[in-house]
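Asks: Shown below is the structure under consideration.
The values are calculated or read from the model by the stated rules, or taken from the named source; none is laboratory data. Just so it is clear, the model here is predicted, and its values are computed rather than measured. So basically every Cβ, Gly included, is an ideal-geometry build from the backbone, and we count neighbours across all protein chains shown. Please note that ligands, DNA and RNA were not included when accessible areas were found on the heavy atoms of the full protein model with its side chains. Shrake-Rupley method; radii C 1.70, N 1.55, O 1.52, S 1.80 Å.
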Amino acid sequence: MSARLAAGAWVNALQRRIGAAGGFLTVLKRGDDTAGAVILVTRDRDGTQRAWSRVVQSNGAPAWSPGAVETRDGPETIEDFLARQRRYDPDLWVVELDIADPQRFVDEPMLGG
């Protein structure tokens, strides 16, 4: 079992990494500093938005999985997905990554949980 980094500290570290790479991270909803889960919102060049949720893989390692995908003509919006998630977790953090190729930050291993 590994120690999990507090959500507030994890978001702060991600914000520094995004900034160092020339991008921005915007906190759309601030959750609990210690207990909140984090959802990442990204937008591709074609306008497709994704909301990424943290999942635990079968080997126990954490990873990100797209919880919702919004296209220009898609039926579900990211906001609908986030509203449902907030009902389950009022401590939820929602952060938007504004950087070229946001997938590289989603794909990186989640150090510290």
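Asks: Taking the condition on the phi > 0 side of the Ramachandran plot and either among the charged types (D, E, K, R) or assigned to a loop (DSSP other than H, G, I, E, B) (or both), does ASP101 pass?
Replies: Details: on the phi > 0 side of the Ramachandran plot: yes; either among the charged types (D, E, K, R) or assigned to a loop (DSSP other than H, G, I, E, B) (or both): yes.
Taking the combined requirement at face value, the residue satisfies it.
Asks: Hey, which of the strands (runs of 3 or more DSSP E) in the range 1-66, taking only ones fully inside, have at least 1 residues that are touching a residue at least 60 places away in the same chain (Cβ under 8 Å)?
Replies: Qualifying strands (runs of 3 or more DSSP E): 24-29, 38-43.
Asks: Okay, next question. Considering the range 30-54 alone, what residues qualify as being under 11 Å from the mean Cα position of the chain (by Cα) and open to solvent by 40 Å² or more (accessible area, probe 1.4 Å)?
Replies: Correct list: ARG50, ARG54.
Asks: Restricting attention to the range 5-16, report how many residues are at pLDDT below 90 and open to solvent by 70 Å² or more (accessible area, probe 1.4 Å).
Replies: 1
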